[in-house]
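For reference, the structure discussed in these notes is given below.
Derivation of every value follows stated rules applied to the coordinates shown; laboratory data play no part. Small disclaimer: the values here were computed from a predicted structure and weren't measured. As a convention, Cβ positions derive from the backbone with ideal geometry for all residues, glycine included, and neighbour counts pool all protein chains shown.
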Amino acid sequence: MKRFDALFKHQIHLMFISASTYFAAFLFLAFMGIMYVLALMDVSSVGGSQSATEKFLSVFWVPVLFMVPLLTMRSLSEERRMGTLGTLMSTPIRAWQIVAAKFLACYFFYVLLWLLTLVYMFVAQNYLPQGLAGSNNFAPAQVFTGYLFIFVSGLTYIAIGIFASSLTRTTFVAGMLSFAMLFFAIVGSGIISKFVVGDAYMSWLSGPMEYMQTFKHLEDFSNSLLDTRPFFFYISTACLLLGLTSLITESKSS
Amino acid sequence: MEASDNTNSVIVRRLTKSYGGVKAVDGVSFRIGRGEVVGFLGPNGAGKSTTMKILAGMTQADSGSASICGVNVATNPDSAREHIGYMPENNPLPEDLRVVEYLRFRARLKGVPGRDVKRRVEEAMQTCQLHRRAARKIIGNLSKGFRQRVGIADAILARPEVIIMDEPTIGLDPHQIIAIRKLISSLRGKMSVIISSHILPEVEVMCDRVVIINNGRVVASGTPASLRKEFIPGERYGVSLKADAELFGRLLSEIGEDFELADSSGPDADGYYSHTVKAPGGRNCGALLIGELSKDSSLGLREVSRREPGLEEIFMAATRRSWDETRELSLHKMGSGDGSRADAGEEEDSI
């Protein structure tokens with residue numbers, strides 16, 4: 001455990017000194033800040049049934065598509081390119097521990113960046129004119145379940161990024177792979193379900209596709225509808241991907 | 001846990017490893033005693049790095065066994081790694097970290113107790129002359145020599161029983177090589193050290209024993225003196241005089257049938273030729289040569305000196321012999337149509 005602790009702290013340290021982390025943080029916070037202001041303006045001028053928080057969280061996937069690759073792309077590909085993965089494996093540490101430490105470090109930053117967006121809501125609640133802030137922009141239960149969805153789904157997204165990073169020695173390729181896989185994971189099931197609806201031969205796919213629909217999960221969570229199935233889906237997918245990544249890491253370390 | 005052997009810290013038995021049908025390591029067996037410094041020699045692609053990687057637990061052997069301090073590397077890799085300090089070929093290091101940060105991280109990873117980390121890192125940095133300005137430098141900005149030192153400091157900082165260094169002196173200037181030679185000598189008796197190197201005089205100076213590997217097989221093992229006796233029997237003399245190869249050859253055959261002219265060069269600016277003479281061992285051939293060659297003053301005998309064959313010559317002789325054996329073996333196989341190994345009955349720990 002002490003070794004894992006050392007490895008985890010080292011990964012956190014590496015992330016703090018990496019330019020791509022700050023670039024990802026800047027892009028993410030700037031984009032989400034703009035999105036939150038737009039959501040507030042939309043709710044205050046147009047009204048409607050959706051709260052500002054709901055509108056704000058509905059675009060969560062856009063920053064995920066660039067933030068996750070930026071956070072994860074260097075994790076294993078850089079180690080492989082430099083040859084330091086082999087040096088790590090020459091110590092009494094297992095491949096799964098390396099992968100888990102990298103995953104947790106990236107996930108820590110993912111959660112941290114999302115938690116920082118709570119500042120927007122705090123500022124809107126306390127410092128913006130009542131008209132712009134709206135009356136329903138900060139419903140604690142909705143914020144809690146919305147962020148819970150982001151944190152749970154983030155397990156899979158970060159695992160996808162780490163998995164993509166283990167497949168190649170080139171950081172840029174790892175980033176592109178991660179982007180493509182995330183895009184498919186977030187919107188792929190929605191696109192496939194559109195095709196299978198009404199197709200007699202493919203109708204059996206509609207059930208699984210429905211089960212995997214990210215936006216359906218987000219909607220449920222935003223409405224404070226907590227179901228164990230999305231938890232199981234995201235956590236099991238993350239475990240599967242991390243298991244595969246460990247196997248790849250072990251085979252590529254020599 | 002294998003049966004513990006108090007005299008040997010590394011025991012390798014019939015290790016085999018193939019990459020895509022090509023045998024990189026083919027039945028390698030050797031033992032390394034506690035506190036011994038052993039040089040691992042071989043041409044490129046001989047299987048040195050693969051053997052070292054297997055010992056470090058970074059790759060699995062197809063068959064055979066390797067144990068470090070009584071711990072089987074294949075079945076207990078984590079436990080075996082606790083006894084090893086490994087410096088891989090090319091010494092990969094993270095570019096973004098400071099030397100001291102990296103070494104502290106490595107110490108924690110290797111299980112050095114938290115309260116000892118700072119002291120152990122300081123000690124390792126002092127041993128490798130990294131404790132002054134280099135300690136706070138970013139690794140990516142270090143010169144090749146300093147990077148090698150960081151790799152060696154990493155290998156020794158957990159005070160392992162076995163240190164494996166793949167080409168530790170590659171790319172270093174003579175001052176740095178001398179420093180690393182001193183460093184390795186200082187480890188003698190405390191840790192078992194395995195060094196692979198292409199710089200043969202270096203190995204000869206640093207190592208107690210040499211293991212020569214070629215085509216994935218150990219072709220020679222022993223102290224430089226014992227290898228000299230085995231691969232280059234007899235004695236060699238350097239003779240400098242005013243006689244060309246043809247004349248000198250005739251003179252040698254007159255002195256004795258056992259003498260053989262091995263090599264000739266010259267003449268130099270003063271008209272002297274330099275010859276190397278192979279002579280049978282056990283007789284005082286030097287006195288005989290001086291006595292006979294000084295009789296004729298026109299030969300102008302300038303020098304007769306005994307020449308000790310270097311590790312380079314031993315290495316060449318050992319690898320040549322192994323290539324000859326391989327060629328004979330393949331000819332034998334082609335002739336008999338039998339794929340069985342000719343050396344199947346070879347003793348496991350014969351080397």
* Taking amide hydrogens as modeled 1.01 Å from N in the peptide plane, which residues meet the under 5 Å criterion relative to B:Ser294, leaving out close sequence neighbours? -> none
* To do: Note the angle between two axes, namely the Cα long axis of helix B:114-127 and the longest principal axis of the Cα atoms of chain B, as a number of degrees from 0 to 90, rounded to the nearest 10.
  => 20 degrees
* the protein assembly as shown - convex hull of alpha carbons, volume per residue in Å³ -> 239 Å³
* Structure fact -> Inter-part gap, Cα centre of segment B:155-204 to Cα centre of segment A:234-254, in whole angstrom, is 36 Å
* Cα→Cβ-extended label distance, 7 Å offset, between B:Arg302 and B:Ala262, nm -> 2.1 nm
* Could you pull the Rg and Dmax for segment B:207-289, using just the Cα atoms, both in Å? => 16.4, 48
* Distance in nm between pseudo-label sites at B:Asp270 and A:Lys194 (7 Å out along the Cβ direction from Cα) -> 9.5 nm
* Treating the angle as unsigned and between 0 and 90°, give the value, to the nearest 10°, between the Cα long axis of helix B:174-187 and the longest Cα principal axis of chain B. => 70 degrees
* To do: For the pairs A:Lys9/A:Lys252; B:Lys190/B:Lys229; B:Lys182/B:Lys242; A:Lys252/B:Lys190; A:Lys252/B:Lys110; B:Lys53/B:Lys190, note any where the Cα-Cα span goes beyond 31 Å.
  => B:Lys182/B:Lys242; A:Lys252/B:Lys190
* Asked: So which residue, out of B:Glu254, B:Glu312, B:Glu101, gets the largest mean-square fluctuation from a GNM of chain B using Cα contacts under 10 Å as springs?
  -> B:Glu254
* How big is the shadow of the Cα convex hull of segment A:78-196, averaged over all directions, in nm²? -> 11.3 nm²
* In nm², what is the average projected area of the convex hull enclosing the Cα atoms of chain B? -> 23.3 nm²
* Asked: Taking the convex hull of the alpha carbon atoms in segment A:2-252, what volume per residue do you get, in Å³?
  -> 141 Å³
* Please state, as a whole number in µm²/s, the translational diffusion coefficient that the Stokes-Einstein equation yields for segment B:55-200 at 10 °C and 1.306 mPa s, with Rh defined as the Kirkwood radius across alpha carbon pairs. => 101 µm²/s
